[in-house]
Ligand SMILES: [Zn+2]
């Protein structure tokens, strides 16, 4: 294997870990956001309900004012009735009184409807507040766990970055910059071994000639299908790098059995 690739493979191991770690962090962050969304949705519903309750109370006060005005009017008409002398005037006032009374009755009926609606809305508001409180309470533990896990992820990420920096110092700058460009595009392993004359990145077969060139390892060889860098995997090459593919692990398990 091209010697420059060994260092790159070590860097790639760290980058693969980092990619997995960042995916995990995104997932955990999303769980946190989902909890926040549920709570903020409840808060919005509460604000809407509170406004409805306030509006109903205001309507009710207005209606009460109107009814009491009508009652005043009726009182005035009744007093006038005591003073009039002509029967026609008396009857006219009686008619006005009964008209006012009907109006009062109708308004009082409407008030009962509004009062019922207000009671129902206040009940919904109460339930929403309780739900928000219990949700906040029960999610506290989960949120704490998620936040802790995110901070562990950050720590691990920082360690990986530090390790990577050390490795990059010793890496061949040219090969490293090619590697970084490929990694940026693929967000996946970009230096891969040939397995059974197949690219283990895209799983497409390569030519025997290409395989031979990779085996010689004199320069970089790219997969013509997926542009990944190929290397020839020999056990000795990988000693001490901590790099092992599935195939190699499978082989060693088979030997143990
Ligand atoms: Zn490929």
Query raised in the report: Restricting attention to the range 2-25, does a residue exist that is surrounded by 15 or more Cβ atoms within 10 Å (Cβ to Cβ) and outside any helix (DSSP H, G or I)?
Result: yes
**Report entry** Test: residue 62 is part of a helix (DSSP H, G or I) and in contact with a helix residue (DSSP H, G or I) (Cβ under 8 Å, 6 or more places away or on another chain)
**Finding:** no
Query raised in the report: What number of residues within the range 183-221 are closer than 10 Å to residue 231 by Cα, in a helix (DSSP H, G or I) and within 11 Å of the ligand (Cβ to nearest atom)?
Result: 0
Requested in this report: Of the numbered conditions (1) touching a residue at least 12 places away in the same chain (Cβ under 8 Å); (2) closer than 30 Å to residue 2 by Cβ; (3) surrounded by fewer than 14 Cβ atoms within 10 Å (Cβ to Cβ), residue 165 fails exactly one; give the number of that condition.
Outcome: (1)
**Report entry** residue 53 vs. criteria within 30 Å of residue 134 (Cα to Cα) and out of contact with any helix residue (DSSP H, G or I) (no Cβ under 8 Å at 6 or more places or on another chain)
**Finding:** no
Query - Subset of the range 206-223 [surrounded by 14 or more Cβ atoms within 10 Å (Cβ to Cβ) and on the phi < 0 side of the Ramachandran plot] - result: 206, 210, 211, 213, 214, 215, 220, 221, 222, 223
**Report entry** Meets criteria (assigned by TED's automatic domain parsing to the domain that holds residue 20, free of Cβ contacts under 8 Å to residues at least 12 places away in the same chain and assigned to a helix (DSSP H, G or I)) for residue 133
**Finding:** yes
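The values are calculated or read from the model by the stated rules, or taken from the named source; none is laboratory data. Note that this is a predicted model, so its numbers are computed, not measured. Note that we place each Cβ from the backbone using ideal geometry, even for glycine, and neighbour counts take in every protein chain shown.
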